[in-house]
1. Filter segment 556-567 for residues that are open to solvent by less than 70 Å² (accessible area, probe 1.4 Å) and assigned to a strand (DSSP E or B); which is farthest from Y380 (Cα to Cα)?
2. Please pick out the residue among T544, T558 that is in contact (Cβ under 8 Å) with a residue 12 or more places away in the chain and either of a type in the set (K, R) or touching an Asp or Glu at 6+ places or on another chain (Cβ under 8 Å) (or both).
3. Checking L203 against (1) assigned to a helix (DSSP H, G or I); (2) open to solvent by 20 Å² or more (accessible area, probe 1.4 Å), which test does it fail?
4. Considering each residue of segment 424-480, count those that are touching a residue at least 24 places away in the same chain (Cβ under 8 Å) and either among the small types (G, A, S) or outside any strand (DSSP E or B) (or both), and give that number.
5. I'd like the full set of residues that are part of a helix (DSSP H, G or I), open to solvent by 10 Å² or more (accessible area, probe 1.4 Å) and not aliphatic (A, V, I, L, M), limited to segment 311-329.
6. Give V180, V169 a once-over and let me know the one that is crowded, with 21+ Cβ neighbours inside 10 Å and either of a type in the set (V, I, T) or touching a strand residue (DSSP E or B) at 6+ places or on another chain (Cβ under 9 Å) (or both).
7. I need a count of the residues in segment 446-482 that are out of contact with any Gly (no Cβ under 6 Å at 6 or more places or on another chain), open to solvent by 10 Å² or more (accessible area, probe 1.4 Å) and not aromatic (F, W, Y).
Amino acid sequence: MSFMFNPHPYDDYTPVNRPDLSEEITERAVFGAEKVMKTLSRAVLQYKMENGGCIAALEGYPSANFEQFANGITCLLKGENVRMFSTRKLCLPAKELEDKLSDCLPQDRVKDPVLLYGRLYEGKYIDLMDTEKVAEIKRLCRQIKEEGGIAILYGIGAACEELQEIIDVLVYLDVTPKEVMLRAHAGRFKNFGDDVARPVKELQRRAYYVDFELAAALRGDLISHGKIDWYVASDKDMSMNVVSGEDLALITAKLASYPFRCKPVYLEGVWGGYYVQHARKLPDQFKNIAWVFDLIPMEVSILIQLGEGLMEMPFFTFVQCQGDAILGTRIKERFGGYFPIRFNYDDTFHSNGNMSIQVHPPREYCMETFNELGTQDEGYYVVATGHGARTYCGLKEGVSKDEFFEKIRKSEREHTEVDYQNYVNAVESKPGRQFLIPGGTIHASGRNQLILEIGSLTMGSYTFKLYDYLRADLDGNPRPIHSYYGEQVLKGERTEKFVYEHLVKEPVLLRSDEECQEYVVGEDDLVYYSTRRLCFEKRATDCTGDKFHVLALVDGETVVVRSKNDPARSYTMNYLDLVVVPAEIGEYELINMGGQPVVVYKVLVR
């Protein structure tokens with residue numbers, strides 16, 4: 001289950017990263033579907049001419065247009081003996097596959113009314129395949145090659161571990177997460193082993209717990225072992241491009257030595273506001289932007305200037321290519337290669353209401369119940385507020401958790417209102433105020449504010465809504481309430497007193513010089529990240545110290561972030577932009593290009 005239930009199709013092409021790449025690399029890059037097909041067909045034919053035959057594999061991320069590529073390459077190999085084999089033929093029968101995955105996709109609508117949650121699958125592609133069919137495909141491909149022909153094996157799992165030994169040319173077709181979901185909504189994406197596409201929400205749940213998990217692991221394995229011969233950024237026919245596996249490594253290594261920004265994704269919601277739309281001058285077609293995914297690691301992509309064109313790849317592909325340089329070796333090892341903090345804006349400015357009253361699960365519950373990698377801790381940094389803005393955090397002193405949940409369950413059954421303000425603690429929202437929200441803490445962002453939300457490693461969105469003001473979603477359906485899970489994880493001892501002792505603290509001055517003051521605005525043993533605020537007029541300096549930093553310009557116009565040792569390695573960020581400073585950069589400086597003092601929000605792993 002992805003965060004990105006229904007992304008807006010708008011493409012924001014403002015955050016382009018421009019690493020200084022050699023002419024040789026940019027000239028080797030090929031753009032456009034027709035030219036990409038020609039490049040790949042030539043590579044297959046050249047291997048065949050040099051070796052007497054060829055077995056090519058078209059592997060990729062879910063929703064990739066495998067059949068289009070297989071047919072396109074085959075059409076260009078005129079006069080050759082070519083046979084195509086789809087990995088869909090290798091899957092176990094549908095009923096057997098469903099039985100095998102049933103533990104990952106439970107059907108309990110009491111606990112989970114609209115079936116959002118499950119358990120991450122721990123197996124491999126071969127566990128979902130008929131091993132006799134796999135052996136037969138390997139035999140046929142080898143026979144075709146021995147006879148001087150070309151075998152093209154295409155589809156999800158074409159380069160799984162059991163098939164890698166026969167592959168001569170491996171092509172990887174990557175797809176950005178937003179494009180995956182747009183294809184799902186358009187009926188252009190089926191789950192692994194399915195002949196017919198499922199309803200979108202069912203497809204998405206299965207994809208999150210099984211398909212995406214398998215695909216990301218395989219892609220990481222292929223990258224780390226240098227097994228990709230050709231990498232295709234395959235989102236759109238007109239802009240798709242192909243580079244060799246060697247050039248992919250060179251391009252990503254160069255970018256990892258620069259500060260960089262990801263391409264945001266915008267999502268509308270019933271409580272969405274208009275602050276970001278106005279600040280970023282987004283089109284009028286947006287209605288109620290609720291979430292801005294500026295840096296949700298598994299959901300966003302990254303744009304790279306590659307000669308005259310733009311290469312767009314999933315951000316996590318970039319991290320899999322250059323994890324040590326981006327994260328720092330210790331952090332990469334500590335978090336299993338995942339980028340361990342996520343960032344998004346929650347916009348309720350001039351909206352019609354609050355976010356839902358909600359709670360997230362703590363680490364142990366996430367791991368035991370959903371087989372997740374870690375906790376879902378969060379934090380709210382207040383960027384801007386309107387009249388009467390408040391943030392809800394913790395329970396009020398002396399209230400009964402049991403009584404509160406009786407009212408929640410009654411509301412869930414009978415659609416009755418809950419006097420939530422008698423139970424949930426409210427804190428005045430002021431720009432610059434930091435709320436830490438470790439798993440188990442009841443909370444909500446109130447209306448009329450812009451929040452920069454940060455979160456921890458958990459990949460899914462385990463948001464247990466306890467009360468949502470009896471609202472319907474954008475499709476007109478009642479928004480689900482998760483009273484079972486919410487009652488399991490909510491920590492009743494986190495009341496107002498606890499909030500002010502641990503979760504909402506006054507800033508502490510960390511360092512000060514003639515140019516800059518750095519404050520700690522949010523730090524506690526309950527969360528593994530630290531949030532800071534840099535205040536300066538002209539210039540500030542900092543050092544990553546083998547830990548990546550994430551910066552957000554939360555007050556000001558324009559700031560240049562650049563390496564101190566090589567100022568050409570820079571990124572210019574505007575108001576609300578989030579920029580990653582990779583661990584390997586070391587010393588860096590921030591230059592204020594505007595006419596007013598600035599505030600830069602900084603987050604790092606403790």
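The values are calculated or read from the model by the stated rules, or taken from the named source; none is laboratory data. A quick note: this is a predicted structure, and the numbers were derived from the prediction, not measured. Cβ atoms come from the backbone with ideal geometry, glycine included; neighbour counts cover every protein chain shown. Note: accessible area is taken over every heavy atom of the protein model, side chains too, but ligands, DNA and RNA are not part of it. Shrake-Rupley method; radii C 1.70, N 1.55, O 1.52, S 1.80 Å.
1. Restricting to residues being open to solvent by less than 70 Å² (accessible area, probe 1.4 Å) and assigned to a strand (DSSP E or B), the top hit is S563.
2. Only one candidate passes the filter, namely T544.
3. Answer for L203: the failing condition is (2).
4. Total meeting the criteria: 34.
5. Selection gives F316, Q320, C321, D324, T329.
6. Being crowded, with 21+ Cβ neighbours inside 10 Å and either of a type in the set (V, I, T) or touching a strand residue (DSSP E or B) at 6+ places or on another chain (Cβ under 9 Å) (or both) holds for just one of V180, V169, which is V180.
7. Adding up the residues that qualify gives 17.
Per-residue answers, yes or no, for (1) within 30 Å of Y571 (Cβ to Cβ); (2) of a type in the set (K, R); (3) open to solvent by less than 20 Å² (accessible area, probe 1.4 Å):
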site: T14; (1), (2), (3): yes, no, no
site: R18; (1), (2), (3): yes, yes, no
site: S22; (1), (2), (3): yes, no, no
site: G32; (1), (2), (3): yes, no, yes
site: S41; (1), (2), (3): no, no, yes
site: E50; (1), (2), (3): no, no, no
site: L58; (1), (2), (3): no, no, yes
site: P62; (1), (2), (3): no, no, yes
site: L90; (1), (2), (3): no, no, yes
